[in-house]
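The values are calculated or read from the model by the stated rules, or taken from the named source; none is laboratory data. On a predicted model such as this, the values are computed, not experimentally measured, just so you know. Positions of Cβ are backbone-derived with ideal geometry, glycine not excepted, and every protein chain shown enters the neighbour counts. Accessible surface areas use protein heavy atoms only, side chains included; no ligands, DNA or RNA. Shrake-Rupley method; radii C 1.70, N 1.55, O 1.52, S 1.80 Å.
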Amino acid sequence: MTWPIELICVVLLISAIISSLLAFHAWQRRRQPGALWLALLMVAVAVWSMAGLFEIIIPGVPAKILWSKISYLGIATVAPFWFLFALAFTGRSGRIGRGGMLLLWSGVAAILGLVFTNELHGLVWSRVEPFTDAV
């Protein structure tokens, strides 16, 4: 089953709006356990959604590649922010330590480094071709 592009765009826009509102709401309560990480998580989801939307609606392969790369700023940070939110919300944030944080964010840095330098090595995308719907 394929979804119409318009519907996908609407879903991504709604996701970005709701995530942004939740980020704003959580940021206002950032002193509560987990609220800061939840706000950052929702910002990451909003970035992922909006970049995905722009990737779809903006024409041209170079622009689509740029927006795909920008979407990775959200994609790569969602899991760490979710993990840190869960730790803080359950009162276990003290268990991760500096070494754990370094390990957690080194994976994110590696992924983002590979994505933003893909033209040098092709490890993330070996080739990019525009999609044409043959139906």
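Some points to look at:
- From the options I14, I57, I8, residue that is in contact (Cβ under 8 Å) with a residue 12 or more places away in the chain, open to solvent by 60 Å² or more (accessible area, probe 1.4 Å) and touching a helix residue (DSSP H, G or I) at 6+ places or on another chain (Cβ under 9 Å): I57
Results for (1) among the charged types (D, E, K, R); (2) modelled with pLDDT of 95 or more, shown as yes or no for each residue.
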position	(1), (2)
P4	no, no
I8	no, no
H25	no, yes
R30	yes, no
M42	no, yes
V45	no, yes
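- Number of positions in the range 88-135 that are among the aliphatic types (A, V, I, L, M), assigned to a helix (DSSP H, G or I), under 30 Å from P59 (Cα atoms) and open to solvent by 90 Å² or more (accessible area, probe 1.4 Å): 1
- Pick from the range 23-48, criterion over 15 Å from the mean Cα position of the chain (by Cα) and in a helix (DSSP H, G or I), ranking: surrounded by the most Cβ atoms within 10 Å (Cβ to Cβ): A26
- Only a single criterion out of (1) without any contact (Cβ under 8 Å) to a residue 40 or more places away in the chain; (2) open to solvent by less than 60 Å² (accessible area, probe 1.4 Å); (3) of a type in the set (G, A, S); (4) over 19 Å from L12 (Cβ atoms) is not satisfied by A51, namely (4).
- So A76, is it under 21 Å from the mean Cα position of the chain (by Cα), open to solvent by less than 50 Å² (accessible area, probe 1.4 Å) and on the phi < 0 side of the Ramachandran plot: yes
- Pairs linking a residue in the range 65-79 that is closer than 8 Å to W48 by Cβ to a residue that is of a type outside the set (D, E) and open to solvent by less than 40 Å² (accessible area, probe 1.4 Å), with Cβ atoms under 6 Å and 6 or more positions apart or on different chains, are S71/A51; S71/G52; G74/A44; V78/A44.
- Test: residue in the range 123-132 that is of a type outside the set (G, A, S), closer than 25 Å to A16 by Cα and out of contact with any helix residue (DSSP H, G or I) (no Cβ under 8 Å at 6 or more places or on another chain): yes
- Positions within the range 1-44 being in contact with a Gly (Cβ under 7 Å, 6 or more places away or on another chain) and farther than 26 Å from G94 by Cβ, in sequence order: L12
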